[in-house]
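These notes are about the structure you will find just below.
The values are calculated or read from the model by the stated rules, or taken from the named source; none is laboratory data. Remember, predicted model here, so these are calculated numbers, not experimental data. In this analysis, Cβ positions are derived from the backbone assuming ideal geometry, glycine residues included, and neighbour counts consider all displayed protein chains. Please note that ligands, DNA and RNA were not included when accessible areas were found on the heavy atoms of the full protein model with its side chains. Shrake-Rupley method; radii C 1.70, N 1.55, O 1.52, S 1.80 Å.
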Amino acid sequence: MTERYLILEDGSAFKGEGFGSGATTTGQVVFNTSMTGYQQIVTNQIYHNQIIVFSQPTIGSTGITHDSYESILPTAKGMVVRDLASISKNRHRRLSLDEFLKQNNIPGISGIDTRYLIRKLRQTGTIKGSIVDVADDHAFDQLNATVLTNQQVAQVSTPKPYPNPNTGRNVVVVDFGLKNGILRQLSKRNCNVTVLPWSATAEEISNLDPDGVILSTGPGSPFDMPNSVLEMIQDIQSKMPLFAIGLGHELFALANNAEVTEMASEHHGANHPIRRIITNQVIFAAEGQGYAIDPKSVDRDQLIITHIDLINGTVQGLRHRDYPAFSVQFFPDAAPGPDDAIDIFDEFVEILDGNRE
Amino acid sequence: MAKAVVDAMAMQRALTRITYEIIEHNKGIDDLVILGVKTRGFYLAQRIANRLKQLEGTEIPVGELDISMYRDDIEHDSKETDPKVTAENVDFSVEGKKVILVDDVLYTGRTIRAALSAIIDMGRPESINLAILVDRGHRELPIRADFVGKNIPSSQKERIRVSVEEIDGRDAVDIIHK
């Protein structure tokens, strides 16, 4: 193992050992509090441009498995862990996390005091950082000079439409940085899916004659998306059932005049308590968000708040008053995390069936 | 032989979806009242009212329509005589209200026809909409539901049994082959 450093924009440096790719990398440093699911986390496209710090102290102990890819080509910028597990392969495939990161050109660093680092990140909020070989002035200059792209969605979304064939219900998924879990849940429910690029227009969607539309999760800020996306949502929600997740939820909120604000510190973890208002039940779900909807900004004549985060009070779910259009901020497909909310996909297909009959 | 076709989770979701559809359809919940047909229709009506209260913070009046000669082990829609429905136990007016009529199973439509007469005898509502947990087909009257939990196309040789937590100890819909 080679000595490497994690350096942060505020001038601090952490010494550790490199694993995965040996490349120099720069991204926003965020932390994830999930106890399990590092493979699903690092392959989730919401981490495009981000270096992920894991609060779970040992990472890598179950290797890489076929069932846990959330994208084909992960675009996270790095992994920061306390201990990299020494036993790191599993019976399904002889591939370790270290080898996987090397194949995908993602650097990792271990031996970091992640408890201290996360406490610090809670203070500073999300800041830029780099994994480098030498923590000298040059490295800090490079870090400070790096401007991260705000075209994340365009970089991770599919450039062309593609099918996920099945027979039964016909669903269009608009890909803002799709998480495979969404397609997995639709496959289980016999949906014939067409995935369209993020820039799909209402006309392109309608031409496929879908029973319903899903707006996927994705990386970055909803404010970096052009107005045409909001216009597409306003048009589609009045025509067919719509279900929006993550970034899709933030865009659905903006399209319906709610206010979205950047959170002081991003929220990533698999264990967030959320109240489902209609039945007054508490469910636990995985969250991964840097932006949140202010409940006070929601126009009650237009939208109904359906889910609320019990820790920070942010809006976790919305529904349109006039149309069968709804959204959740969290990951209903879990992967990783508790599957308390997985039946939202059943809710969606039952709406489609009701409309067809 | 009984076969479960709707489990507790699916029943919860169906009631949740019906609740949202009621809000969509009525553009809110102003002037809404809910009438459930005894016995299980009334419990379903209460659950929809509870959901509306959770979402909108407003208590919606819920009434129970009595069905005469009702016995637990006999189909509502008996082939021999049409059921009689009375609104004697409803303690609010339906005059000018938007009524949501709730029952568990929609079959021949004869119970609903009788329920409509009983409601109209009470006063002149602005509108009446029908919410049904299970539509099993085989209508004998020109009646359809506005809000349907689940369509279960069935044979007339079968029976549909709806169980609710409040009196049956479980939420489920079963098909029973006679």
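Going through (1) over 16 Å from A:Gly16 (Cβ atoms); (2) at pLDDT below 95 one by one, A:Ala85 falls short only on (1).
Of the helices (runs of 4 or more DSSP H) entirely within region A:134-217, those holding at least 3 residues that are in contact (Cβ under 8 Å) with a residue 60 or more places away in the chain occupy A:137-145, A:152-156, A:180-188. Would you check if A:Ile278 is at pLDDT 95 or above and farther than 26 Å from A:Asn44 by Cβ? Taking the combined requirement at face value, the residue satisfies it.
Residues of region A:82-96 include none that is closer than 30 Å to A:Gln151 by Cβ and of a type in the set (A, V, I, L, M). Total residues in region A:260-288 satisfying the condition of being within 14 Å of chain B (Cβ to nearest Cβ) and among the acidic types (Asp, Glu): the figure is 0.
Looking at region B:120-155, which of its residues are polar (S, T, N, Q) and either surrounded by 15 or more Cβ atoms within 10 Å (Cβ to Cβ) or farther than 17 Å from B:Ala2 by Cβ (or both)? Result: B:Ser127, B:Asn129, B:Asn151, B:Ser154. Which is over 17 Å from A:Glu287 (Cα atoms) and surrounded by fewer than 24 Cβ atoms within 10 Å (Cβ to Cβ), of A:Thr58, A:Thr36? When all the criteria are applied, what remains is A:Thr58. B:Gly28 fulfils the conditions (1) part of a loop (DSSP other than H, G, I, E, B); (2) at pLDDT 95 or above except for a single criterion, (2). One residue stands out in region B:25-63 among those that are of a type in the set (D, E, K, R) and open to solvent by 30 Å² or more (accessible area, probe 1.4 Å): the one that is nearest to A:Leu318 (Cα to Cα), namely B:Glu56. Working only within region A:309-328, note down all residues that are touching a helix residue (DSSP H, G or I) at 6+ places or on another chain (Cβ under 9 Å), more than 11 Å from every other protein chain (Cβ to nearest Cβ) and crowded, with 18+ Cβ neighbours inside 10 Å. Once the filter is applied, which keeps residues that are touching a helix residue (DSSP H, G or I) at 6+ places or on another chain (Cβ under 9 Å), more than 11 Å from every other protein chain (Cβ to nearest Cβ) and crowded, with 18+ Cβ neighbours inside 10 Å, region A:309-328 yields A:Thr314, A:Val315, A:Gln316, A:Gly317, A:Leu318, A:Ser327, A:Val328. Condition check: without any contact (Cβ under 8 Å) to a residue 12 or more places away in the chain, out of contact with any helix residue (DSSP H, G or I) (no Cβ under 7 Å at 6 or more places or on another chain) and of a type outside the set (Phe, Trp, Tyr). Does B:Ile160 satisfy that? Criteria not met by B:Ile160. Selection of first residues in region B:100-126 that are part of a strand (DSSP E or B) and of second residues that are of a type in the set (Ser, Thr, Tyr) and modelled with pLDDT under 95, restricted to Cβ pairs under 9 Å at least 6 apart or on distinct chains, gives the following pairs, ordered by first then second residue: B:Asp103/B:Thr111; B:Asp104/B:Thr39; B:Val105/B:Thr111.
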